[in-house]
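**Q** Attaching a single structure in C-alpha cells format; questions to follow.
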Amino acid sequence: MIIKADQCKTVVNVNMKGGDGAVQITHFVSAAELNEKGRLFGNIHLEPGASIGYHVHEGESELFCVQRGEAVYNDNGKEYPLCVGDVAIVKAGDGHSVANKGTEPVDLIALIVYA
C-alpha cells in the first residue's frame, strides 16, 4: 500500500489540550491502518508560540521524534529541550506537553499506540 502526501488528512486544533495557538496534525494513516493498535501516526506542526498543553495518557503511549526546529518537552512536570533527531516517550499513566518557544517552526513525527 502506498499513501501519497495529498491523501493524508490534516486537521488544525486550536488550544489543544489547553495549549497555546494552533496545532496542525497531518495523519499519515488511519486507526484501521494501524490495525486498531493505535490512533495516530503523523506529523505535528507547531508554529512559534504554539503548544500542546499538559495532559496524561491513559491506556496509550506516545512517541515524538523531532524532525525540524527545537521544542520544549514537559515530561511529568520537568522540562527538557528537544532538538532534531531527539525522541521523547510518554508511557501510559504519565503526562507530558510540548511547546515551540523558539522563532522557527517545529515538526514532530508522532505515534500513539494502545497499551
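The values are calculated or read from the model by the stated rules, or taken from the named source; none is laboratory data. Just so it is clear, the model here is predicted, and its values are computed rather than measured. Quick reminder, even Gly has a Cβ in these numbers, built from the backbone with ideal geometry, and neighbours come from all protein chains shown. Accessible surface areas use protein heavy atoms only, side chains included; no ligands, DNA or RNA. Shrake-Rupley method; radii C 1.70, N 1.55, O 1.52, S 1.80 Å.
**Q** Which residue pairs have Cβ atoms under 7 Å apart, sit 6 or more places apart or on different chains, and have a first residue in segment 75-100 that is on the phi < 0 side of the Ramachandran plot and a second that is of a type in the set (D, E, K, R) and surrounded by 19 or more Cβ atoms within 10 Å (Cβ to Cβ)?
**A** So the pair list comes out as 90/62.
Here's the yes/no breakdown for (1) more than 13 Å from residue 17 (Cβ to Cβ); (2) open to solvent by 40 Å² or more (accessible area, probe 1.4 Å); (3) at pLDDT 95 or above:
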| residue | (1), (2), (3) |
| --- | --- |
| 60 | yes, no, yes |
| 74 | no, no, yes |
| 77 | yes, yes, yes |
| 81 | yes, yes, yes |
| 89 | yes, yes, yes |
| 92 | yes, yes, yes |
| 100 | yes, no, yes |
| 105 | yes, no, yes |
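Yes or no, residue by residue, for (1) free of Cβ contacts under 8 Å to residues at least 24 places away in the same chain; (2) in contact with a Leu (Cβ under 6 Å, 6 or more places away or on another chain):
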site	(1), (2)
32	yes, no
40	no, no
47	no, no
50	no, no
64	no, yes
71	no, yes
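**Q** Restricting to segment 1-48, and then to whatever is over 15 Å from residue 107 (Cβ atoms) and part of a helix (DSSP H, G or I), can you tell me which residue is most open to solvent (accessible area, probe 1.4 Å)?
**A** Step by step, filter segment 1-48, then rank; the result is 6.
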